[in-house]
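Here is the structure we will look at.
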Amino acid sequence: MNSFSKLALSAALGASALVGLHGSALALTTINGSVCRVNGDSGTAGLQSYATGVTNMTAGVLGVICPIVRTIPAPPGKTYDVWVDGHTGTGPGFCSLYSVRDLDGSPIIAQRKEFNGPFHEKFTLPAVYVPTWSSQAMFCALAPKGKIYDIEPVQ
């Protein structure tokens, strides 16, 4: 192989790497739990934000809603996966992944999972329920001292 051929091959491989022709790897966009807020009455006191996430400091169960940042459309025929990490606190709790139509705000689908204690759980929706014009959120019911550390959509 002569010098020109080697240079051309190197340039082609470099350009394809920049453009991403070798396929894409899954990426995590980790969302710190500190962006979560009280569901409904945002004036409700008791949800404390820290660098490690949010904690329910009330004496009762607190509903918390967390936005999910989706940077690309869900791939057709695949699934849309979201991990949530936390601790239910002094009692049981649950989280639900919601997908909502942007055009009218109506829920498309939800998946609910119940926990008791620490959790690192994956939620999965078929891509058909995560259309381009939709948004996603995680709703969690946390007992006293319950925490949400982070949320990670797999993209």
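Bear in mind these aren't lab numbers, they're just calculated from the coordinates by the rules spelled out. Given the structure is predicted, the values throughout are model-derived calculations rather than measurements. Here the Cβ positions follow ideal geometry from the backbone for every residue, glycine too, while neighbour counts run over all protein chains shown.
Ordered by the number of other Cβ atoms lying within 10 Å of each residue's own Cβ, fewest first, 80, 149 fall into the sequence 149, 80.
With 10 Å bins beginning at zero, the pair-distance distribution over Cα atoms of the range 70-111 amounts to 19, 45, 26, 10, 0 %. In this Cβ point-charge picture (+1 for Lys and Arg, -1 for Asp and Glu), the range 80-138 has a dipole of about 80 debye about its Cα centre. From least to most packed, judged by other beta carbons within 10 angstrom and beginning with the fewest, 50, 129 follow the order 50, 129.
Candidates 75, 61, 103 compared by Cα position along the dipole of the range 28-148: farthest toward the positive end lies 75, with charges placed on Cβ. For the range 25-154, a crude dipole built from +1 on the beta carbon of Lys and Arg and -1 on the beta carbon of Asp and Glu, taken about the Cα centre, is about 80 debye to the nearest 20.
Among 94, 123, the order by Cβ neighbours within 10 angstrom, fewest to most, reads 94, 123. Highest mean packing first, where packing is the average number of other Cβ atoms within 10 Å per residue, the peptides 99-110, 66-77 line up as 66-77, 99-110.
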